[in-house]
Amino acid sequence: MTVNPQTTLLASRFSKAALTTTLLAASCLTAQSQHFDKMQWFNEPESYSVQDGVLEMDVPAKTDFWRISHYGFTVDDGPFLYGVYGGEFEAKLKVSGDYRERFDQAGMMIRLDHENYVKFGIEYVDGLFNISAVVTHHTSDWSVVPLENPIPHLWLKAVRRLDAIELFYSFDDKTYTMMRTLWMQDNHPLMVGPVAACPDGEGFKARFSDFKVKHLPDARRAEWLQRNQAK
């Protein structure tokens, strides 16, 4: 069989063009609002509603997500509504709540499994609002940014790139401030969505809206394409 060099060159160019088109299409994807009523529950609460794109739940009393450190116990029983997302992405969510008791909290969770997750959002501690993040890799840690005054709502953003997740918050959905960067195993699908907990109190109402997840082109694949296009 005789291979025409010109045909081989055209096939090579076509392959590179196809890859370029695929990555460009991915990079142009806009964030799409996710439908709460099509997502799955982990620890479904007894009372919740979804109306006009807003999820409102009665957060059950004595619920939380925490593993081992400081307190010596493990709990994994808070309400968490999630979708599953592979690859790299940007997730956003607006949260608010009628916080009343110590540790009342509402936010976003990104979860690989029961030993690897992050939850971040607003947490009410000793009469103060805090932007809070709990990162768990077998054991949990906790970090906070105290706020001087109560806030009506908070926007959250998480960006997953390779084996890291960056956490951001905003008071107006315009200016975002980075709170933390954490490790999370790459090349594994993650569960992402609204979460709440009420460790000490008797429950409260939490509201979530504007949940959007935008696919981001894989960084390693983009680098590979750039190197191979140059050849």
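Only the coordinates and a few stated rules stand behind these numbers; no lab work does. What you are looking at is a predicted structure, and each value in this text was computed from that prediction instead of being measured. When we count neighbours, we look across all protein chains shown, and the Cβ atoms used for this are built from the backbone with ideal geometry, even at glycine.
Things to note:
- Extension gain (nm, one decimal) between ASP172 and GLN51, 0.36 nm per residue minus Cα-Cα: 41.3 nm
- Summed residue charge, Cβ within 10 Å of GLN185's Cβ, Lys/Arg positive, Asp/Glu negative: -3
- Anchor LYS119: lysines whose Cα lies under 30 Å away (excluding residues fewer than 8 positions away in-chain): LYS38, LYS62, LYS92, LYS94, LYS157, LYS174, LYS205, LYS212, LYS214
- Neighbour-count ranking [beta-carbon atoms within 10 angstrom, fewest first] of ASP104, ASP172, ASP113, ASP76: ASP172, ASP113, ASP76, ASP104
- HN-Hα J in Hz across the stretch 177-189 - Karplus 6.51, -1.76, 1.60, θ = phi - 60°, x for Gly and Pro: 10, 6, 9, 6, 10, 9, 7, 8, 3, 7, 6, 9, x
- Gain in span if fully extended, ASN187 to ILE151, counting 0.36 nm per residue against the direct Cα distance: 9.3 nm
- Other residues whose C-beta falls under 10 angstrom from the C-beta of THR139 contribute a net charge of -1, scoring Lys and Arg +1 and Asp and Glu -1.
- With viscosity 0.692 mPa s and temperature 37 °C, the Kirkwood radius over alpha carbon pairs of the stretch 54-123 converts through Stokes-Einstein to a diffusion coefficient of 238 µm²/s.
- Magnitude of the charge dipole, the stretch 46-111, Cβ model with Lys/Arg +1 and Asp/Glu -1, debye to 20: 240
- Karplus-derived 3J(HN,Hα), 6.51/-1.76/1.60, for each residue of the stretch 129-134, Hz, glycine and proline x: 7, 10, 7, 10, 9, 10
- Total formal charge among the other residues, if their Cβ is under 10 angstrom from that of PHE204, Lys/Arg +1 and Asp/Glu -1: -3
- If R0 is taken as 22 Å, the Cβ-Cβ distance between HIS114 and ARG180 corresponds to a FRET efficiency of 0.55.
- Hydrodynamic radius (Kirkwood) for the stretch 31-219, which is based on Cα pairs only, to one decimal in Å: 16.3
- Of the trypsin sites (Lys or Arg not before Pro) in the stretch 140-182, those whose Cβ has at most 12 other Cβ within 10 Å and which sit in DSSP loop: LYS174
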